[in-house]
1. Any idea which of (1) in contact (Cβ under 8 Å) with a residue 40 or more places away in the chain; (2) buried (at least 24 other Cβ atoms within 10 Å of the Cβ) is the one B:LYS171 doesn't satisfy?
2. Within the stretch A:112-126, track down each residue that is more than 9 Å from chain B (Cβ to nearest Cβ) and part of a loop (DSSP other than H, G, I, E, B).
3. With (1) in the same structural domain as B:GLY448 (by TED's automatic domain parsing); (2) part of a helix (DSSP H, G or I); (3) not polar (S, T, N, Q) as the list, and B:ARG388 as the residue in question, which single condition is left unmet?
4. Somewhere in the stretch B:317-336, is a residue within 14 Å of chain A (Cβ to nearest Cβ) and in contact with a Phe, Trp or Tyr (Cβ under 8 Å, 6 or more places away or on another chain)?
5. Out of curiosity, is B:VAL126 over 14 Å from the mean Cα position of the chain (by Cα), among the β-branched types (Val, Ile, Thr) and buried (at least 17 other Cβ atoms within 10 Å of the Cβ)?
6. Just give me the residues in the stretch B:138-168 being part of a helix (DSSP H, G or I) and at the interface with chain A (Cβ under 8 Å from one of its Cβ atoms), in sequence order.
7. With respect to A:LEU16, is the statement that it is in contact (Cβ under 8 Å) with a residue 40 or more places away in the chain and surrounded by fewer than 20 Cβ atoms within 10 Å (Cβ to Cβ) true?
8. Among the residues that make up the stretch B:195-213, is at least one of them closer than 20 Å to B:ASP292 by Cβ and free of Cβ contacts under 8 Å to residues at least 40 places away in the same chain?
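The values are calculated or read from the model by the stated rules, or taken from the named source; none is laboratory data. Everything numeric in this text was worked out from a predicted model, so none of it was measured. We place every Cβ from the backbone using ideal geometry, glycine too, and count neighbours over all the protein chains shown.
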Amino acid sequence: MSVDNGMSRRAMLVKLGLLLNAIFGVLLAVPIVRYLLSPVIRERKFGYDSWLSLGGLEQFPAGQTRLAAYKNPVVNAWDGETGDVACWVRNVDGQKFQVFAINCAHLGCPVRWFAQSNLFMCPCHGGAYYQDGARASGPPERGLFEYHYRIEDGKLLIRAGEMPTPGQPVANKAGEKTTCA
Amino acid sequence: MRLIQKVGDWFDLRLQLGSPIRETVQHPVPRETASWLYVFGSAALTCFVLQIVTGILLALIYVPSAGEAWNSLQILNHGISLGWFIRALHSWGSNFMVAIVLIHMVQVFLFGAYKFPRELTWIAGVFLLLVTLGMAFTGQVLRFDQDAYWGLGIGASIASRVPVIGPWAVKLMLGGPIIAGTTLSRFFALHVFVIPGLLIAFVGVHLLMVLKLGINEWPMPGRIVRRDTYLEEYRDLTHKQGVPFVPNAVWKDILFSGFILLSIALCALYFGPFGPSGQPDPTIIQTAPRPDFFFLWLYALLSFLPPSAETPILLIGPAIGIIVLLVLPFVAGEGEKSWKRRPIAVLTILLIAVALGTLTRLAEHTPWSPVMDAWSSQPIPSKFLQGRTALERRGALVFQAKQCHNCHSLDDRGGQRGPALDGVALHLTEDQLVHQVIQGGGNMPAYGKNLSPSETTALVAFLKTLHPASQTPARDASRAAALGASEVSPRP
């Protein structure tokens, strides 16, 4: 056996070794990427939203807008109080409701309701909304995010489970119907 | 002494680090670089070491769990001996580190240090700036209070605006559908493992190149950098006229680093740690979240951008900024180094400094935000009420009760979201006031549905009194003509 052959055999073994490492590397990368993407995969498989009760209708007097809170449907034991989410419930006329996300449509800060002037105001960049959630002034490009709701056994239910953001507002989700009351 | 020598020799035979270390500390540097302006890089590194030490100390107590993080910070502040001081050192160390990294960057930019052959050193420096800011932001999240919680909401809202993959980006950032336990865990992993790892790697590369290529010489006006002659010229500067780094230059680095450590300790001692503010409970909405100092300019910018331009500027602006920084050494890799001959460079720095300074200053006052409690906590000054009719005083009441004061100031009290109304009657006639109140416009909500006719009448009557006594209020000349001379006061 010549020296050249020996060198090429070693070179081939090195290449083979590198190839094996590359194959196992790729095989490992698949579960790692899948693990990292699990929040997205979970959403595509099961979705995050479900119908949640905000409590009895008697808590929301006609013509008024009240703060309500619910436990997010997808929580971990160590989420603590961050699993609680607030929203604004407007009882329009005793029949019709509007449930607004707490998050400003601009950058997600918590909007506050001012019953005296019938406005929602945001403490961050000064966005303001009318009582029906429509944009009144300030940097937001749109009105408040609105949850779908329904009434069952005297309780107000909303479809929620995700933080609404300008890129994925609650009401604009594909495949969902408009409010059923 | 002989024993120490023997032990030293024993180790050096095995480690063989003695001669490279000697070579490094005694490497010649250009004489003028032993300067007080060349100390910021080492000071930034000192801050980073302090951050590592205090960070590890904090990790002994801190619990990266959404349910417990805030409580563990309270324990650090109040339950552990000097825990507050370690927290204060870490947060003040962070502020100092960002500040010094920025100063260092300005200095090397003005001294043309990014030019040939130090392009890659500059690029590593740009990445170091980014990871330092990344540390500052993720660190703010780990202080898991109301500001951190809603700050994450702002981050998610910005991420969601990325076309197509926005909603995915939000889930990946938050680790789930909402800001919760998984969110804090991944920011903990970023702050404690991923970004520090990158920081250490970039610092290593950055320092290695500073040693291999030599420190940037003191720029002299007229000494032009050319690729084919520079290395030779630099060799002359170091080997013929240079001085050894130790001790000629290093003592200034050591003294300045010590001064910075002392300053951080004094700030920590005097001002104490930052927060935590209120609990990260999303159902407590009586909060006005604010970012930490070095992100205040962004907070201000976000309130001034026109809505239509906001998303493109937010998404494209940072990318352009980073690309400009990365490309800089390639488009200006040669030529004049001295800031005295680079007016555009100096003006750019001044412009950026003034812009960031102004935005930061504004963000400390947030004139764009309504003062949420002005209507109930800041009374109308009595000078606006004395000698007024019952109707006008009733209007002042409407002004408070309908929260006009939250956005409009009187005598510098109240919100600054809308214009101050001290002299509004000089600019608007009665009809214009009614129109503005009822229909809104110019960024003011319409109050037509929220005010009864009598309330509107009273409010406008009050607003009509808001003008200096020496100046006559605005009036509608055509109205005078239409109603006839009997309805209005005669002209003098």
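1. Result: B:LYS171 passes all but (1).
2. A:ALA115
3. (2)
4. First, pick out the residues of the stretch B:317-336 that are within 14 Å of chain A (Cβ to nearest Cβ): none.
No, there is no match, as no residue in the stretch B:317-336 is within 14 Å of chain A (Cβ to nearest Cβ) and in contact with a Phe, Trp or Tyr (Cβ under 8 Å, 6 or more places away or on another chain).
5. Taking the combined requirement at face value, the residue satisfies it.
6. As a first pass, look at the stretch B:138-168 and keep what is part of a helix (DSSP H, G or I): B:138-142, B:146-159, B:166-168.
Matches in the stretch B:138-168: B:TYR149, B:TRP150, B:GLY153, B:ILE154, B:ALA156, B:SER157, B:ILE158, B:ALA159, B:GLY166, B:PRO167, B:TRP168.
7. Details: in contact (Cβ under 8 Å) with a residue 40 or more places away in the chain: no; surrounded by fewer than 20 Cβ atoms within 10 Å (Cβ to Cβ): yes.
No: the conditions fail for A:LEU16.
8. Our first condition is that a residue be closer than 20 Å to B:ASP292 by Cβ; within the stretch B:195-213, this holds for B:195-196, B:199.
Those left that are additionally free of Cβ contacts under 8 Å to residues at least 40 places away in the same chain: none.
No, because not a single residue in the stretch B:195-213 is closer than 20 Å to B:ASP292 by Cβ and free of Cβ contacts under 8 Å to residues at least 40 places away in the same chain.
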